[in-house]
1. What is the number of the single condition among (1) under 30 Å from Pro418 (Cβ atoms); (2) surrounded by fewer than 16 Cβ atoms within 10 Å (Cβ to Cβ); (3) modelled with pLDDT under 95; (4) of a type outside the set (Gly, Ala, Ser) that Met128 does not meet?
2. Against the definition (in contact with a strand residue (DSSP E or B) (Cβ under 7 Å, 6 or more places away or on another chain), among the aliphatic types (A, V, I, L, M) and open to solvent by less than 20 Å² (accessible area, probe 1.4 Å)), how does Ile332 come out, yes or no?
3. Being within 25 Å of Glu389 (Cα to Cα) and at pLDDT below 90 is the filter here; which residues of the range 430-472 pass it?
4. Within the range 90-108, work out how many residues are surrounded by fewer than 17 Cβ atoms within 10 Å (Cβ to Cβ) and closer than 17 Å to Thr183 by Cβ.
5. Of (1) in contact with a Pro (Cβ under 8 Å, 6 or more places away or on another chain); (2) surrounded by fewer than 22 Cβ atoms within 10 Å (Cβ to Cβ); (3) among the aromatic types (Phe, Trp, Tyr), Tyr386 satisfies all except one. Which?
6. Filter the range 388-422 down to the residues that are on the phi > 0 side of the Ramachandran plot and in contact with a Phe, Trp or Tyr (Cβ under 6 Å, 6 or more places away or on another chain) and list them by number.
7. Being under 30 Å from Leu340 (Cβ atoms), open to solvent by 20 Å² or more (accessible area, probe 1.4 Å) and not hydroxyl-bearing (Ser, Thr, Tyr) is the filter here; which residues of the range 223-278 pass it?
Amino acid sequence: MGLHSYLSGTTLQSLTLATIPSSSSSRFIFRTTYRTLTLNFLSRCSYSQKPPLPYPIRALSTSAAVQTSPATSSSTTKIPDDQGGKAQWKAAIDFKWIRDNKEAVSANIKNRNSNANLELVLELYEKMFNLQKEVESVRGERNAVANKMKGKMEQSERQRLIEEGKNLKDRLAALEEELVKLTDELQQEAQSVPNMTHPDVPIGGEECSTIRKMVGSPRNFSFALKDHLQLGKELDLFDFDAAAEVSGSKFYYLKNEAVLLEMALVNWTLSEVMKRGFTPLTTPEIVRSSVVEKCGFQPRGTNTQVYSIGDSDQCLIGTAEIPVGGLHMDSILADSLLPLKYVAISHCFRTEAGAAGTATRGLYRVHQFSKVEMFILCRPEESEYYHEELIKIEEELFLSLGLHYKTLDMASEDLGAPAYRKFDVEAWMPGLERFGEISSASNCTDYQSRRLGIRYRPSEPPTTNTKKGKGNLAPPQFVHTLNATACAVPRMIVCLLENYQQEDGSVIIPEPLRPFMGGLSVISPKSG
C-alpha cells in the first residue's frame, strides 16, 4: 500500500463529520448534527516486499489461504459481479492448508502480534466441512428419491416418495441456510489471519528492524538550524492556523513556492517512474468499503486510519494502493500481460489516530496529502525480484535528490496484515533531529489477490495434465501484488526544506526538480 509508512498499521480509524444545510457556506463541521458523515482513515500502512516464498506463504496469502477456482480464458476475463445490496464477499482461503500447517500459522500470528483466533477458525472449518458433507448426503438422498419417482409404481408408493422428497427438501433448505451462516462466520474470522512472513524478516517490534543500507551522511551546518515549520513561516510557504479554522488540526494550506514544489515533486517522480516502464494512473479517491477490506484493511475497526462515509458503504482512500488494487478485481489476466506496473497519483486521507507530540508536528503527519504510488501485479515466482526493483527505484529517487537515508527490513510486528515483507526508507530530517519514514515497499504475495479475485492463466498448461477439453488450458492462479511509495509529498517537503536551508534563510531547490519549477533554483525570503 502506498506510504504504508505514513499509515502504519492495518486498521482504519474514524472521524465523524456533519453535513451542514446547503444554505451554509461551510460543508462540514466537527460535531454530530444533521446527516452524519463518518470518515475513516487508513491506519499506518505497512509496506512490505518479499524474497523467495517459503512453503507457508502460498496458502495464507490473503488473510489465511486459498483455493483456486476454475475460470475461462481471454486476455482479461471479468468475472460477473452480482452485487445488489450488501453482498458478503469471500476470500479464497485454503482452510485445509491452514489446518495442515497449524503450527506454522500459529507461530506467525504470534510473531506478528496479531489478534487472529486460529483455534476458532479451525473449529468453524471443521463444522463447515462436516455440514457440507451432510448437505451433500441429503442432496444425494433427494436425487435418489426423484429418480425412483420416474418409474412405474403403486400410487401409495408414489405418495410415500412424494412425502419423503418434501421432507428431504425442507431438511436440505435448513441445512443450506445453516451452511451459509457458518461460512460467513468462518470467513469473518479467517480474514483476520495475517499473511505469512518471509523467513528473513526480523522477529519482534519496530526496534528489531534491521538496516539494509545506509546512504550519505548528515550535512554539517555552520549556523543555527531551523525546522520546516519555522522555514515555512519565514518563507511564507504554509498556513496551518487558517487550515485549522477551516478543517481542523493536521490540515494545512501550501502557498507560493511550496505549491510549485509539490507539483514539481509529483511530476518529476511520475516522469522518472514512467521511464522504468510504469503506466500512469489517476484514481478514484472514494472507494467501496469492501475494496478497502479486500486490500487487507479494516475501515470500521478500532483505531482505524480510514475515513468511512456515514450511511454509505464508501471510504476515502488512505493510499492509491486500494483503488489500483481494485482495478483488475474479479478478473483473469492473460499471462502475456504480466507484469502490470502502475504509478498512481492521488490525494490520501488518514485519521492518524493516536499520533501526537513534537515528533509528528507540522507536515510530518497530516490528515490529507498528495502521494505517488507504485503498484505491480506479477507471477508468484517473480514477486521477490519486483520487490527488490521497487526498493531500488525508491533509493535511486532519494539519492538523486541528495538525501541522507537508510533502508530498513521491518520487523514482524510492524508488518500490516497483507505484507509478507516490508522495506522502509527513512531520511534524515535535521530540523526534527531524527530520521523520519518517507517511503515503504511491500510484497503482499497473493494476500490481496485472493480477496480481490485477481488471477492469471499461465500460457503453458501443466505437462502432467492429460485431460482433454477446454483447449487443455492451464488452471488460473492468483497473481502477487506489490506496492511502494515513490513520493509522499509532505514528508519530502520536510526533507528538502530542512536539508537544503541556507544561512540567509533561503532554501536551495535540488537540481532534478528545477526544470519542473520553471527553472527556479532558490526559494528566497520575501522582501519587505
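The values are calculated or read from the model by the stated rules, or taken from the named source; none is laboratory data. Quantities reported herein were computed from a predicted structural model and do not represent experimental measurements. Cβ: placed from backbone, ideal geometry, glycine included. Neighbour counts: every protein chain shown. Quick note on the areas: whole protein, heavy atoms, side chains included, nothing else; ligands and nucleic acids left out. Shrake-Rupley method; radii C 1.70, N 1.55, O 1.52, S 1.80 Å.
1. (2)
2. Yes; evaluated as a whole, the condition is true for this residue.
3. Ser459
4. Selection size over the range 90-108: 3.
5. With respect to (1) in contact with a Pro (Cβ under 8 Å, 6 or more places away or on another chain); (2) surrounded by fewer than 22 Cβ atoms within 10 Å (Cβ to Cβ); (3) among the aromatic types (Phe, Trp, Tyr), Tyr386 is out only on (2).
6. none
7. Answer for the range 223-278, where residues must be under 30 Å from Leu340 (Cβ atoms), open to solvent by 20 Å² or more (accessible area, probe 1.4 Å) and not hydroxyl-bearing (Ser, Thr, Tyr): Glu262, Met263, Asn267, Leu270, Glu272, Met274, Lys275, Arg276, Gly277.
Yes or no, residue by residue, for (1) under 27 Å from Tyr125 (Cα atoms); (2) in contact with a Ser or Thr (Cβ under 8 Å, 6 or more places away or on another chain); (3) assigned to a loop (DSSP other than H, G, I, E, B); (4) without any contact (Cβ under 8 Å) to a residue 40 or more places away in the chain:
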residue: Leu175; (1), (2), (3), (4): yes, no, no, no
residue: Glu178; (1), (2), (3), (4): yes, no, no, no
residue: Glu185; (1), (2), (3), (4): yes, no, no, no
residue: Asn195; (1), (2), (3), (4): yes, yes, yes, no
residue: Pro202; (1), (2), (3), (4): no, yes, yes, no
residue: Glu207; (1), (2), (3), (4): no, no, no, no
residue: Ser217; (1), (2), (3), (4): no, no, yes, no
